[in-house]
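Reviewing the structure listed below.
The values are calculated or read from the model by the stated rules, or taken from the named source; none is laboratory data. Predicted, not measured: the structure shown is a model, and the values here were computed from it. Here the Cβ positions follow ideal geometry from the backbone for every residue, glycine too, while neighbour counts run over all protein chains shown. When the accessible area is computed, the model is the full protein with side chains, heavy atoms only, and any ligands, DNA or RNA have been set aside. Shrake-Rupley method; radii C 1.70, N 1.55, O 1.52, S 1.80 Å.
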Amino acid sequence: MKIKKVTKAIFPVAGMGTRFLPATKSIPKEIMTLVDRPLIQYAIDEARAAGIKEFIFVTARGKSALEDYFDHSPELENTLRKAGKTDLLEILKDTNMDSGAIAYVRQNRALGLGHAVWCAQRLVGNEPFAVLLPDDVIAAEKPCLQQMMEAYAETGGNMVAAMEVSPAKASSYGVLDIDEDMGSVVRAKGMVEKPKPGEAPSNLAVIGRYILTPKVMSNLNKMKQGAGGEIQLTDAIAEETNDGSVYGFRFVGQRYDCGSKAGFLQATVAFALSRPDLRDEFSTYLHDMIALQKAAQ
Ligand code: UTP
């Protein structure tokens, strides 16, 4: 079986980010920073590490800060160069994308994740593609999408990142119905988006990293509404379970749901503690805060 290399990735960033209002009234959620890097930068770095060459953003009104972020900034760069601040210039390099490597399509109405992915159909063409949701940030020694690409090189088909969740949490996710469990890879015989309590087919939930075939894109043409009245990506992938070509991948790493306030705060603490320049001062502060809280109870 010849497995086609994946070089294109879709970043759906057209959601309204209502859980972060009022901040997201004027700032795209994906520009919010973990320590000093916007969420979107983590997703781009992960995609680059996995061999992605073409970056497709599905955007919406009010997201122009995102487009500016990836542009060159000649004035700022000149000022830094004149001041000899080569370390900062180096940091900025990561934010510049090659001409032609980045494309933007608009989703006119937030009709759901499946619809957002469908908006990139013409740019993807008849090729397999990756999807990364920037509000899922994954701390991992080997970036999550790279782990998936390695597994995909063996399986082909469709692959979704999966993690174990408690039964109480399953109804917030797409959940895999497992046909065959091969360890880090499982073959799915079904997928259910946001199952009702007690009806989840397993405890293996899908999170925001996908490698998908063009078949999934054509399934989205049907514009079928699913859970919550939205056009769900999960439903379009689930159709492919019929021929046994959907795999869940248990990645190694810690996933943070930065679309929620609690997850965003947890990620902020974890990433700050992993930074050599901040670790000591910040952990002392955290210890002191916790001690103060305990004393006050
Ligand atoms: P979420 O539902 O988590 O994001 O969608 P949201 O809608 O922006 O946030 P809340 O729930 O209102 O706080 C997951 C991902 O799918 C994208 C979002 O931008 C996010 O990256 N998305 C969702 C779209 O691009 N379009 C949509 O119609 C829906």
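Below is a table of values for the structure above.
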| read-out | value |
| --- | --- |
| Nearest-0.05 FRET efficiency for K261 and D36, computed from C-beta distance (R0 25 Å) | 0.80 |
| Accessible area of D181 in the full protein assembly, 1.4 Å probe (Å², nearest 10) | 90 Å² |
| Accessible area expressed per residue, the chain, with surrounding protein chains retained (probe 1.4 Å, Å²) | 52 Å² |
| R0 of 51 Å, Cβ-Cβ distance A227-T79: FRET efficiency to nearest 0.05 | 0.55 |
| For the chain, average projected area of the Cα convex hull in nm² | 18.2 nm² |
| Of all DSSP beta bridges in the stretch 9-132, antiparallel share, percent nearest 5 | 15 percent |
| Distance cut-off 20 Å, percentage of C-alpha pairs in the stretch 168-239 lying past it | 29 percent |
| Cα-based Rg of the stretch 249-297 normalised by 2.2 N^0.38 Å, two decimals | 1.42 |
| Normalised contact order of the stretch 6-142, rounded percent, pairs of Cα under 8 Å and 6 or more residues apart | 43 percent |
| The stretch 120-244 shape via C-alpha gyration tensor axes, a/c threshold 1.5 | rounded |
| For the chain: relative contact order, % (alpha-carbon pairs under 8 angstrom, 6 or more apart) | 21 percent |
| Exposed-loop-free span, longest in the chain, where trypsin sites (Lys or Arg not before Pro) count as exposed if DSSP calls them loop and at most 16 other C-beta atoms lie within 10 Å | 225-297 |
| Prolate/oblate/rounded label for the stretch 48-174 (Cα gyration tensor, a/c 1.5) | prolate |
| Probe 1.4 Å - accessible area at H287, Å² to nearest ten | 130 Å² |
| Equivalent ellipsoid dimensions for the stretch 1-55 as semi-axes, Å, which come from the Cα gyration tensor, largest first | 29, 13, 7 |
| Sulfur and carbon atoms: percent of accessible area, the stretch 1-114 [1.4 Å] | 54 percent |
| Amide hydrogen neighbours beyond the local backbone of R106, cut-off 5 Å, H modeled | T59 |
